[in-house]
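These notes are about the structure you will find just below.
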Amino acid sequence: MDHISIIGMASIITAGLTICIGSIGPALGEGRAVAQALSSIAQQPDESGTITRTLFVGLAMIESTAIYCLVIAMILIFANPFWDYVVSR
Amino acid sequence: MDVVGLKEISSDVVVIWQWGFISLNATILYTWMVMALLTMVSWLVTRKLSVGPKLSRWQNLLEVLVSAMRNQIREVSQQEPDQYLPFIGTLFLFIAISNLLAIIPGYVPPTGSLSTTAALAISVFVAVPVYGIADKGAIGYLKRYVRPTVFMLPFHVMGEISRTLALAVRLFGNMMSGTKIGAILLAVVPLFFPILMQVLGLLTGLIQAYIFAILAMVYIASATRAHHEKEENNKHPSKGER
């Protein structure tokens with residue numbers, strides 16, 4: 001196989017694996033956080049404003065790990081530097 | 001139809017006007033347009049303010065916005081919001097407006113480019129020590145880095161850098177993925193479904209603006225707060241029992 005097909009194949013497979021594995025952890029974490037926040041709101045409805053705000057901030061923190069994976073996958077597919085190098089040569 | 005093609009992940013590569021080595025790309029153009037819009041609207045509205053019970057609807061809108069921002073800042077930082085309102089409010093308004101204008105065809109959110117979000121994150125990175133030093137003095141601020149022991153210094157520094165990176169990449173990833181998912185869905189299921197994703201994208205944009213502003217406030221508050229908590233505890237020793 002020449003360089004182009006090796007790099008193309010590796011980028012696409014790695015991008016798929018990145019999203020696949022990288023979304024498992026944040027999904028489990030966000031599920032736990034939302035479940036815990038819902039039960040807290042059910043127990044203390046007066047504090048729902050504070051709980052919701054903290055929940056949003058926490059969800060954004062958790063979600064950023066998945067977003068990193070998405071950015072890596074996007075770079076691998078759309079802006080791969082090795083691909084550009086091999087094509088330009 | 002799309003200004004940015006599917007192949008590019010940033011609007012920086014779309015050059016609109018070039019003269020010599022000076023080039024004007026879509027990100028800069030739309031950033032300046034959002035800035036001009038914000039400035040013009042606030043200047044026009046605040047030109048004739050009324051203190052009576054009868055006020056124009058634009059003044060009402062701005063008052064609602066500003067008082068909501070003040071309340072949020074007060075709740076998050078447990079301090080008076082006047083000092084932080086200009087910085088945090090500007091961050092929130094700029095990101096929110098530039099995300100929400102995405103419903104206009106031909107507009108590319110400048111927050112969907114890593115250079116814009118990196119600039120915003122760097123301004124937060126600079127604002128944290130500025131507010132911290134203004135509040136506690138240089139020695140008091142720097143002492144935070146060597147607490148509890150001096151061995152924590154590299155971890156504090158790493159934490160500062162990585163959270164700045166996280167701020168930038170989070171906003172960029174969310175906005176960029178919203179645009180890209182819309183474009184991909186348009187090719188796969190062109191009927192109705194992309195509109196729903198667009199609506200979801202507006203919600204995501206607003207939430208991301210809120211999160212960016214709140215996180216900036218949390219970072220600044222963490223650099224200034226310990227001092228105030230101690231004072232408050234001395235003033236009201238039985239606060240926890242209420």
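Listing B:Ser177, B:Ser42, B:Ser98 from fewest to most neighbouring C-beta atoms within 10 Å gives B:Ser42, B:Ser177, B:Ser98.
Spatial offset of the stretch B:118-134 relative to the stretch A:5-37 amounts to 32 Å, using the alpha carbon center of each. Treating r as the C-beta distance of A:Val86 and B:Val13 and R0 as 22 Å, the FRET efficiency rounds to 0.65. A Förster distance of 35 Å, applied to the separation of the beta-carbon atoms of B:Lys54 and B:Leu85, puts the FRET efficiency at 0.85. Here's how it looks for B:Asn25: its modeled amide H is under 5 Å from those of B:Ile16, which are all 5 or more places away or on a different chain. Spacing of the modelled spin labels on B:Tyr107 and B:Lys143, each 7 Å from Cα toward Cβ, amounts to 4.8 nm. Span-like helix criteria (full DSSP H runs; alpha carbon extent of at least 27 Å along the helix axis; mean Kyte-Doolittle hydropathy of at least 0.5) are satisfied in chain B by B:26-47, B:114-142, B:153-188, B:193-235. Modelled label positions at A:Gln43 and B:Val41, each set 7 Å beyond Cα in the direction of Cβ, lie 4.1 nm from each other. Each label was represented as a point 7 Å from its Cα along the Cα-to-Cβ direction; for B:Ile133 and B:Met152 these points are 2.2 nm apart.
Angle, helix A:3-22 long axis vs. longest principal axis of chain A, Cα atoms, 0 to 90°, nearest 10? The angle comes out near 10 degrees. Considering only chymotrypsin sites (Phe, Trp or Tyr not before Pro) in DSSP loops that have at most 12 other Cβ atoms within 10 Å, the longest stretch of chain B without any of them is B:22-191.
Values quoted throughout were computed directly from the atomic coordinates according to the rules given, and no laboratory measurement underlies them. These numbers come from a predicted model, not from an experiment. Heads up, the Cβs are rebuilt from the backbone with ideal geometry, glycines too, and the neighbour counts pull from every protein chain shown.
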